[in-house]
């Protein structure tokens, strides 16, 4: 990806997270990126296609990692689940603006193309995660579970925590401006909780 194209995507991501898709104009993005309107048209064609490029840019990387994880025979099923949790927690905390766009702004969009694109990405990721769970079941490590709702439990917990920042700042007694300390306290706590939750939920012995 060219530096200029990546720079425009970064600017769009910042503005979409702050103002929403409908509240952001192509002119706003051009101004923030310090490029002319023709440059955005050249690279993306339209604001909607720019958003689609941003989604693919962020989601494509994650999809590749999950696919490799599902195929990795050197890891036990629970090691794969642990790595999956690390991946999703780190991804969401390190890309909080994109997560804000996905959880806050995309559900209100009218574009069937964008909604379909997000559904396709989630479906493909889910299929790879299901391979990890099925492999664990075949090896008698995991018991029978509802795979779709298991994944929803992971994502729902992470989303609930990231959307309740004010509450957790208060719980940890941290100044709201100290995001570094907030992340240092919360991220390991969240990862440990989800790994313990999934071990209890997936454990074959638990289902006997």
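At a glance:
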item: Within region 165-208, helices (runs of 4 or more DSSP H) holding 3 or more residues that are more than 28 Å from residue 148 (Cα to Cα); result: 165-171, 179-202
item: Selection count where residues are exposed (fewer than 13 other Cβ atoms within 10 Å of the Cβ) and in contact with a strand residue (DSSP E or B) (Cβ under 7 Å, 6 or more places away or on another chain), scope region 51-99; result: 0
item: Hey, residue 81 assigned by TED's automatic domain parsing to the domain that holds residue 141 and within 30 Å of residue 15 (Cβ to Cβ) or not; result: no
item: Test for residue 132: is it at pLDDT 95 or above and either part of a helix (DSSP H, G or I) or not assigned by TED's automatic domain parsing to the domain that holds residue 190 (or both); result: yes
item: Verdict on residue 135 being surrounded by 13 or more Cβ atoms within 10 Å (Cβ to Cβ) and within 21 Å of residue 64 (Cα to Cα); result: yes
item: Number of the exception - residue 126 against (1) under 25 Å from residue 200 (Cα atoms); (2) crowded, with 18+ Cβ neighbours inside 10 Å; (3) without any contact (Cβ under 8 Å) to a residue 60 or more places away in the chain; result: (2)
item: Residue 140 being over 25 Å from residue 12 (Cα atoms), in contact (Cβ under 8 Å) with a residue 60 or more places away in the chain and loosely packed, with under 14 Cβ neighbours inside 10 Å; result: yes
item: Region 59-118, residues that are touching a residue at least 12 places away in the same chain (Cβ under 8 Å) and not in a helix (DSSP H, G or I); result: 76, 95, 109, 111
item: Residues being surrounded by fewer than 13 Cβ atoms within 10 Å (Cβ to Cβ) and at pLDDT 85 or above - total across region 163-183; result: 7
item: For residue 185: the one exception among (1) in contact with a helix residue (DSSP H, G or I) (Cβ under 9 Å, 6 or more places away or on another chain); (2) under 27 Å from residue 74 (Cα atoms); result: (2)
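The values are calculated or read from the model by the stated rules, or taken from the named source; none is laboratory data. None of these values were measured; they are calculated from a predicted model. Cβ sites come from the backbone with ideal geometry, for glycine too, and all protein chains shown count toward neighbours.
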